[in-house]
Amino acid sequence: MIQVKVQLFGILADHLSGEEKGKATLKIEESSTFKDLMDKIGVRRKVTFAVNGEHDLEETQVLNDGDEVLVFSSVSGG
């Protein structure tokens, strides 16, 4: 098991309740991807995210122990 720090912004914050709403340190299996993490916390919508400040990553991005993951609701409009 590894630990990752997760922060969800906007309406996504409701997926992580606790001391600091929208923030948590979670334990996940080694070799888990970003998509695995979203499945674990129940986020089923399209999101944008950064891992350790790096953007434009694929959902198949493998997470490592100590990673910091920021997750934002995707915005679209016309």
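Please report, in debye to the nearest 20, how large the charge dipole of the chain is about its Cα centre when each Lys and Arg carries +1 at its beta carbon and each Asp and Glu carries -1 there.
380 debye
Residues of the chain: accessible area per residue at 1.4 Å, in Å²?
67 Å²
Treating cross-link reach as a plain straight distance, find the aspartates and glutamates whose alpha-carbon is under 14 Å from the alpha-carbon of Lys27, omitting any fewer than eight places away in the same chain.
Within the straight-line cut-off, Lys27 pairs with Asp36, Asp39, Asp65, Asp67, Glu68.
Please state, as a whole number in µm²/s, the translational diffusion coefficient that the Stokes-Einstein equation yields for the stretch 36-78 at 20 °C and 1.002 mPa s, with Rh defined as the Kirkwood radius across alpha carbon pairs.
188 µm²/s
Find how much the distance from Thr25 to Arg45 grows on full extension, using 0.36 nm per residue of separation minus their present alpha carbon separation; answer in nm with one decimal.
Using 0.36 nm per residue and subtracting the Cα-Cα distance, I get 5.1 nm.
Hey, any idea what % of the chain's accessible area is carbon plus sulfur with a 1.4 Å probe?
Carbon and sulfur together cover 44 percent of it.
Pick out, in residue order, every one of the trypsin sites (Lys or Arg not before Pro) in the stretch 15-50 that is DSSP loop and has at most 15 other C-beta atoms within 10 Å; say none if there are none.
Answer by residue number: Lys21, Arg44, Arg45, Lys46.
Under 8 Å for C-alpha pairs, at least 6 residues apart: give me the relative contact order for the chain, rounded to a whole percent.
Relative contact order here is 41 percent.
Stokes-Einstein at 37 °C, 0.692 mPa s, Kirkwood radius from Cα pairs: D for the chain in µm² s⁻¹?
Diffusion coefficient, whole number: 261 µm²/s.
Can you pull the accessible area of Glu29 for me, 1.4 Å probe, Å² to the nearest 10?
Here the residue's solvent-accessible area equals roughly 110 Å².
The values are calculated or read from the model by the stated rules, or taken from the named source; none is laboratory data. Remember, it's a predicted structure, so these values are computed and weren't measured experimentally. Don't worry about glycine lacking a Cβ; one is built from the backbone with ideal geometry, like all the others, and counts go over all protein chains shown. What goes into the accessible areas is simple: the full protein's heavy atoms, side chains included, and nothing from ligands, DNA or RNA. Shrake-Rupley method; radii C 1.70, N 1.55, O 1.52, S 1.80 Å.
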